[in-house]
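Asker: Attaching a single structure in structure tokens format; questions to follow.
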Amino acid sequence: MKNLVFATNNRHKIDEVNSILTGSYRIISLSEIGCFDDIPETSETIEGNALQKARYIFENYQQDCFADDTGLEVDALQGRPGVYSARYAGEGSSYDDNVVKLLEEMKSQANRNARFRTVIAWISDGRELFFEGVIDGAIIYERRGASGFGYDPVFVPNGYDQTFAEMPPQLKNKISHRALAVKKLVDAILKKGK
Ligand code: IMP
């Protein structure tokens with residue numbers, strides 16, 4: 001089994017990616033390579049943030065790695081919160097604060113269309129590659145469900161009745177923005193290994 005550094009310490013994400021890889025790779029978190037740094041994420045794009053995190057690990061820890069960045073893009077809010085999804089309600093805001101703010105801003109909006117967009121930047125032998133995963137859906141009016149994280153309780157993917165927080169985690173991990181991006185990454189890794 002091969003090791004892959006994922007430039008995150010977010011347990012939710014590591015678990016999600018591990019379940020997508022189903023045993024062919026072992027994901028190594030930042031703490032497992034002894035990195036406890038607060039990695040800068042100062043770009044104004046999702047792609048830029050993913051690359052910034054991957055480059056930071058490559059340059060400071062000399063490890064091939066991948067990093068992801070995700071944004072929730074809401075049409076009625078001109079694509080916000082987008083790259084600011086983690087701190088939508090302000091610096092240091094919790095998942096709950098961000099959901100409260102989103103529901104408030106969406107209160108009188110008829111257009112509920114939104115999408116999660118993940119970009120993964122992979123640095124492999126010094127080459128920088130990008131993989132994108134997008135899932136379209138709708139923002140509902142009140143939270144539903146207790147699993148997942150972030151905006152999961154208010155996002156219903158197109159073609160489903162349940163929010164990401166209501167559906168079994170295995171289902172979310174199969175159809176999610178991150179799953180789609182990770183699948184592309186894994187295909188590229190497998191191709192490279194041939
Ligand atoms: P990150 O850049 O990947 O850490 O994601 C930024 C923010 O987007 C997170 O703090 C969450 O609020 C939100 N987010 C990312 N992925 C998901 C997801 O799968 N479900 C719900 N919210 C998410």
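Asker: So between Asp97 and Asp187, what do we pick up on full extension, going 0.36 nm a residue minus the alpha carbon distance?
Answerer: Residue separation times 0.36 nm, minus the Cα-Cα distance, leaves 28.7 nm.
Asker: Here is a follow-up. Compute a Gaussian network model of the chain, connecting alpha carbons closer than 10 Å, and tell me which residue from Glu47, Glu91, Glu166 fluctuates the most.
Answerer: Glu91
Asker: Compare the peptides 173-179, 158-164 by average per-residue count of other Cβ atoms within 10 angstrom and give them in order, highest first.
Answerer: On the way: 173-179: 19.3, 158-164: 15.3.
Top of the packing list down: 173-179, 158-164.
Asker: If you stretched the chain out fully between Tyr160 and Gln109, how much longer would it get, using 0.36 nm times the residue separation minus the C-alpha to C-alpha distance?
Answerer: Numbers: separation 51, 0.36 × 51 = 18.36 nm, distance 2.11 nm.
Value of the extension gain: 16.2 nm.
Asker: What do you get for Rg/Rh over the chain if you use C-alpha atoms and the Kirkwood form of Rh?
Answerer: Looking at the chain, the ratio lands at 0.97.
Asker: So, one more: What does the extension gain come out to for Asp15 and Ser43, with contour length at 0.36 nm per residue minus their alpha carbon separation?
Answerer: Answer, rounded to one decimal: 7.5 nm.
Asker: When N counts the residues of region 74-144, how does its alpha-carbon radius of gyration compare numerically with 2.2 N^0.38 Å, as a ratio?
Answerer: Values: Rg = 14.9 Å, N = 71, 2.2 N^0.38 = 11.1 Å.
Ratio of Rg to 2.2 N^0.38 Å for region 74-144: 1.34.
Asker: A further question follows. Could you please state, rounded to a whole Å, how far the C-alpha centre of region 48-97 is from the C-alpha centre of region 161-176?
Answerer: One Cα centre to the other: 21 Å.
Asker: Let me ask another. In straight Cα distance, which lysines are under 25 Å from Lys191, not counting same-chain residues fewer than 8 positions off?
Answerer: By straight Cα distance, Lys191 reaches Lys2, Lys13, Lys53, Lys174, Lys183.
Asker: Using a Förster distance of 35 angstrom, determine the FRET efficiency expected from the C-beta separation of Ser31 and Ile140, and round it to 0.05.
Answerer: Once the sixth-power term is evaluated, E becomes 0.50.
Rule-based calculations on the coordinates, nothing more; no lab input. Remember, predicted model here, so these are calculated numbers, not experimental data. No Cβ is skipped: glycine too gets one built from the backbone with ideal geometry, and neighbour counts run over all protein chains shown.
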